[in-house]
Amino acid sequence: MATLQQKYNELEGKMHGVIARINEYQHIINNLKRENEALRRQAAAATEEAAQWKNKHQMLGATQSILKKEDKNELKKEINQLVREIDYCIGYINSK
């Protein structure tokens, strides 16, 4: 029959093992949190880059459609409309 001291030593050994595993898991959790944050930043950057490419694609499409227009008056109207939109945006930015 195990003495009280032996049981205490056995329990203490098990507790040290559990504490070591807790520390190991905490280290793993911290690493995963850092990795998760890095991946979130990468995803945000990729989303922003995709939005920029989409905008460039739209501008290219608009430019190509403008260049294909044969009617000079229609082309002038579209350019004036774009200039008005740009002026509006600049005015909005300056008002901030």
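The values are calculated or read from the model by the stated rules, or taken from the named source; none is laboratory data. Since the model is a prediction, treat every value here as computed from it, not as a measurement. Here the Cβ is made from the backbone with ideal geometry for all residues, glycine too, and neighbour counts use every protein chain on show.
Selection of first residues in segment 18-47 that are without any contact (Cβ under 8 Å) to a residue 60 or more places away in the chain and part of a helix (DSSP H, G or I) and of second residues that are exposed (fewer than 10 other Cβ atoms within 10 Å of the Cβ) and polar (S, T, N, Q), restricted to Cβ pairs under 6 Å at least 6 apart or on distinct chains, gives an empty result. Among the candidates 92, 88, the residue that is at negative phi, of a type in the set (Ser, Thr, Tyr) and surrounded by 10 or more Cβ atoms within 10 Å (Cβ to Cβ) is uniquely 88.
Within segment 57-71, residues that are more than 17 Å from residue 83 (Cα to Cα) sit with their Cβ atoms under 6 Å from residues that are among the aliphatic types (A, V, I, L, M) and at pLDDT below 80, at 6+ positions apart or across chains, in these pairs: 69/75.
Taken over segment 65-77, the residue count meeting the criterion of being assigned to a helix (DSSP H, G or I) and either modelled with pLDDT of 90 or more or surrounded by fewer than 10 Cβ atoms within 10 Å (Cβ to Cβ) (or both) is 4.
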